[in-house]
Structures are given as structure tokens and as C-alpha cells.
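Just so you know, all these numbers are worked out from the coordinates, no wet-lab data involved. In this text the structure is predicted, and so the values were computed from the model without any measurement. Glycine gets a Cβ as well: all are built from the backbone with ideal geometry, and neighbour counts include every protein chain shown.
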Amino acid sequence: MLSAEEGRAIAEDQDARDALGPIRDSFLFPSGPGGVPVVYLTGNSLGLQPRTARARVEEVLDDWAGRGVEGHVQGTSPWLPYHRFLTAPTARLVGAQPDEVVVMNTLTVNLHLLMVSFYRPASARTRILYEGSAFPSDRYALASQVRFHGLDPAEALVPLVPRSGEHVLRPEDVLDAIAREGERLALVLIGNVNYLTGQAFDVGAITRAGHAVGAMVGFDLAHGAGNLVFHLHDDGPDFAVWCSYKYLNGGPGALGGVFVHSRHRDGRGLARFEGWWGHDEASRFEMGPRFEGMPGAEGWQLSNPPILQMAALRASMELFDAVGMTALRRKSERLTGLMDQLVRGMPGVEVITPADPAQRGAQLSLRITRDARGLLQRLAAAGVLCDFRAPDIIRAAPAPFYSRFADVVRFAEVLRGHVTGK
Ligand SMILES: *Cc1c(COP(=O)(O)O)cnc(C)c1O
């Protein structure tokens with residue numbers, strides 16, 4: 001464990017040499033006590049607003065005001081092809097081909113839509129392997145899909161749980177469970193990163209193990225998108241879904257993202273719910289009687305998309321493209337690494353997130369032995385925003401876009417004050 005002084009010295013040096021440091025000014029910060037910008041460690045919950053988001057949204061409002069319906073095809077950013085502003089940056093973000101991704105709906109909606117296609121229980125192959133500590137919405141979605149097929153969640157849902165006395169899953173236990181379920185497994189669905197523990201999983205290894213037993217493999221990247229570097233095309237899961245309001249800074253209720261691997265490009269042989277926006281765009285407005293799907297992920301679209309939301313997300317994706325996920329992740333590893341060095345081993349604090357950088361993203365989850373709620377208030381009073389998950393977990397996620405090494409040190413100082421009762 002680093003001392004507070006060592007931490008301060010490292011942070012000063014790292015901040016001074018941080019090439020991404022100035023990008024912080026591209027974001028708007030809430031004010032804390034005394035009107036000072038807060039230390040924002042909740043970008044895993046709602047990312048900060050890019051300064052350029054307002055202009056992007058106003059551009060759409062202005063076109064709507066000044067052009068009415070003509071805004072679909074006129075103006076600097078016509079709405080009909082507006083989603084294209086997001087396609088290439090989104091593909092780069094998750095390591096996909098452009099026609100493997102689409103931005104649409106919201107996360108839980110997309111999870112359901114993709115499960116319509118990729119959870120097709122048949123004869124003895126009915127089960128879904130998932131994390132026991134998955135985000136509640138994911139668990140509700142899984143259970144209701146199982147019931148939708150007339151099956152019993154108690155039988156069809158197979159939760160992965162850590163070994164007794166441990167907080168996170170051992171990677172080999174995940175692979176063993178897939179092999180053990182074997183031909184009973186219809187779908188493997190893993191949250192990457194886990195929202196509660198901050199644990200990240202090896203997408204390629206899990207995908208290979210799932211495919212080896214003939215299962216479909218999907219990932220919920222709610223806490224992964226904009227946090228980790230992904231190679232979805234090469235790693236080969238069948239689908240992935242994510243939201244854009246966490247690390248992606250797309251704003252409250254932002255549109256979700258979807259990946260469908262190119263092996264399912266023509267959608268043939270898959271059950272799918274259809275709508276006019278999934279229809280081949282070349283003939284979409286002929287309004288013909290038969291559905292002819294767009295090739296790739298866009299074939300899963302149902303409705304014409306909310307352009308105002310897309311505009312806010314576009315502002316953020318422009319920043320991601322300017323910086324690149326590789327550079328962000330490099331800084332993120334160092335930020336979270338410094339936090340880990342400052343807090344792991346502190347009395348009264350148990351870091352449940354894995355110490356191995358390959359098994360985590362930006363977030364550290366800390367179990368606080370005494371008065372975790374009190375700590376949260378103490379942090380807020382010191383201008384540090386974190387969040388709390390009952391009964392005793394504090395989550396802190398320094399986002400590399402706008403967090404400084406000094407912020408991590410500040411967090412650790414308040415934590416130390418709390419646990420030492422000073
Ligand atoms: C944030 C989060 C959600 C939220 O779902 P919405 O449909 O966007 O409201 C769902 N699942 C996971 C794993 C999450 O982290």
C-alpha cells in the first residue's frame with residue numbers, strides 16, 4: 001500500500017505528464033461544496049456532458065424549427081442518414097465491422113430483441129448461463145424470456161456464483177461451468193464488466209467455450225463500452241448490447257448499442273421481431289407488403305430513431321474517435337492502478353475487484369466494514385462523488401476522459417480519514 005505522500009508525488013508527476021489531461025476541459029462538471037468542480041467517480045453510472053453536446057442538440061432543434069419535415073433530407077446533418085455519424089465510431093469503439101453495429105432503443109429493450117433471435121430453447125438445450133450477481137434488469141429480462149418460452153426459470157437459468165468466501169468468479173470456473181452444462185446450454189450471457197464487483201471477463205475465451213458446446217454467446221457491455229478495448233468481431237460472440245449513458249457520456253437515457261456478428265449478417269434462419277426501419281433502406285419508402293431486411297445489425301431496427309438523443313451521443317463519440325479507446329484504456333489502467341495501490345490493504349476496506357488489470361476496467365468496488373453510507377456522505381461533503389450499493393459496497397470509477405490522478409489521491413485521503421476515524 002502506498003502512503004498518502006507517495007500517492008501525492010506519483011499523482012503530481014502523472015498528471016503533469018498526462019497527454020490526455022487537457023481533454024478534461026471538453027466536459028462539464030457539477031459543482032461541489034464551495035462551487036468547486038466535483039471529483040467525479042460516477043462515470044460508470046452517468047458520464048459527464050461533453051461541452052459540444054449542447055451545440056449538437058441545438059443543431060437538430062434548429063433544423064426542426066427552420067425546416068420541419070424537410071429536416072429529414074436537408075440541412076448540415078439530415079436526419080434520414082443521421083445514424084451514420086455514429087456507425088463508424090461505434091464500430092471502432094467495440095472492434096466491429098461497421099455493419100455489425102447499430103445504435104437504437106435502450107439496453108434492456110435491445111437485450112430482449114436480441115434474445116428473441118439468439119435464445120431459442122429446443123428439446124434438451126434450454127439453459128442460460130449468466131452471472132448470479134447480474135444487474136437486476138438483466139435477470140428480469142432473462143427470467144421473463146424463459147417464461148415466454150413456457151419454461152421454468154428455476155430450471156433454465158444457471159447462475160454463476162463465486163466459490164464460498166470469494167467475491168468474484170474465477171475465470172476457469174466460468175469455462176468449466178460452460179463445459180459442464182454442455183448440450184443443455186442454449187445461451188451464455190455475461191455482463192462485461194460486472195456492475196457490482198467491477199470484474200471483467202475474457203470475451204474470446206468465453207465465446208470459444210460457449211461455441212464449443214453449441215451455445216449462442218452474448219455479452220452485456222453496459223459497464224464495458226467506453227471502458228475496455230474490445231475486439232468483438234475477432235472474438236466472435238453472437239451478439240452484444242450496451243447502454244451509452246455510462247462511460248460513453250451519451251446523456252441520461254441515451255440510446256443503446258447493439259453488435260450482431262457478421263455470421264448472422266443476413267438474419268436468415270433467425271427468429272426476429274421486425275419493423276420498417278429494419279427494412280432494406282433502398283426500398284424502405286416503397287412501403288411494400290414484404291419485409292426485406294437490411295443486412296447486418298441494422299436489420300434489427302424497428303423504428304425511426306430519436307435524433308435529439310443521437311445528437312448528444314454524436315458529440316461524445318466524436319471525442320472517443322479523437323482520442324481512441326487504446327489511449328483511454330492505457331490511462332485508465334494507470335488511474336485505477338494508482339487507486340488500487342492506495343486503498344488495497346487499508347484497514348476496514350476490502351477491495352473486491354480483481355487486482356489483475358486484465359480482469360477489471362476503471363471501477364474498483366470496495367467493501368467498507370464500518371458505516372459505508374456515512375463514508376458516502378463524507379465523500380460528498382469533500383466534493384467527491386461515488387456511489388453506494390447496499391449493504392456495504394462503494395463503487396469508485398475514475399473515467400480516463402476527465403479524471404485526474406490527483407482525484408484518485410483525494411478519494412483515498414477521504415477514505416483513509418473515514419476508516420481511521422479522523
Ligand atoms: C446500467 C445497466 C442496465 C440498465 O438498463 P437500461 O435498459 O439502460 O435502463 C442494465 N444492465 C446492466 C448490466 C447495466 O449495467
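Going by neighbour counts of Cβ atoms within 10 Å, the residues VAL60, VAL69, VAL408 line up, fewest first, as VAL69, VAL60, VAL408.
Highest mobility in the GNM of the chain, judged by mean-square fluctuation with C-alpha springs under 10 Å and restricted to GLN363, GLN199, GLN97, is found for GLN97. Taking Cα centroids, how far is region 314-368 from region 266-299 in Å? Value for the Cα centre distance between the two parts: 40 Å. Spin-label pair ASP356-SER137: with each label point 7 Å from Cα along the Cα-Cβ axis, the two points sit 3.0 nm from one another. Each label point was placed 7 Å from the Cα along the Cα-to-Cβ direction; for GLU155 and ARG208 their separation is 3.4 nm.
If we count every other residue with Cβ under 14 angstrom of ALA96's Cβ, Lys/Arg +1 and Asp/Glu -1, where does the sum land? Working shown, then result.
Working: positive: ARG92, ARG263, ARG265; negative: ASP99, GLU100, ASP234, ASP235, ASP238, GLU298.
Its environment carries a net charge of -3.
Taking all pairs of distinct Cα atoms, average 1/r, flip it, and tell me the Kirkwood hydrodynamic radius of region 188-333 in Å to one decimal place. Walk me through the numbers on the way to the answer.
On the way: mean 1/r = 0.0596 Å⁻¹.
Roughly 16.8 Å, rounded to one decimal.
The GNM of the chain, with springs linking C-alpha atoms under 10 angstrom apart, assigns the highest mean-square fluctuation among ALA177, ALA124, ALA134 to ALA124. Gain on full extension, evaluated as 0.36 nm per residue between LEU270 and GLU70 minus their Cα-Cα distance, stands at 68.4 nm. Using 0.36 nm per residue, how much length does the chain from ALA322 to ALA4 gain when fully extended, once their Cα-Cα distance is taken away? Additional length available on full extension: 111.1 nm.
Note on GLU172/ARG370: beta-carbon distance plugged into 1/(1 + (r/R0)^6) with R0 of 41 Å gives a FRET efficiency of 0.75.
Placing a label point 7 Å from the Cα of THR106 along the Cα-to-Cβ direction, the residues of region 211-229 with a backbone N closer than 20 Å are 220-226.
Across region 73-183, how large is the tail of the calculated P(r) beyond 26 Å, expressed as a percent of all Cα pairs? Please report the intermediate quantities before stating the final value.
Values: 2433 of 6105 pairs.
Cα-Cα pairs in region 73-183 separated by more than 26 Å: 40 percent.
Converting the Cα gyration tensor eigenvalues of the chain into ellipsoid dimensions via √(5λ) gives semi-axes, longest first, of 36, 29, 17 Å. Computed over the chain with a Gaussian network model linking Cα atoms closer than 10 Å, the most mobile of GLY21, GLY66, GLY275 is GLY66.
Based on DSSP H runs of at least 4 residues, each adding -39500 (n - 2.57), what is the mean residue ellipticity at 222 nm of the chain after dividing by all its residues, to the nearest 500 deg cm²/dmol? Don't skip to the answer; put the middle values down first.
On the way: 13 runs with 155 residues, N = 422.
Roughly -11500 deg cm²/dmol at 222 nm, from the helical runs in the chain.
Each of ARG290 and ARG389 was given a label point 7 Å from its Cα along the Cα-to-Cβ line. The distance between the two points is 4.9 nm.
Neighbour counts of other C-beta atoms within 10 Å: give me LEU93, LEU302 arranged from fewest to most.
On the way: LEU93 25, LEU302 15.
Result, fewest neighbours first: LEU302, LEU93.
Taking every full run of DSSP H in the chain, the ones that stretch at least 15 Å from end to end by Cα along their long axis and average -1.0 or higher on the Kyte-Doolittle scale are 53-67, 84-94, 107-118, 136-148, 171-181, 307-323, 325-343, 405-419.
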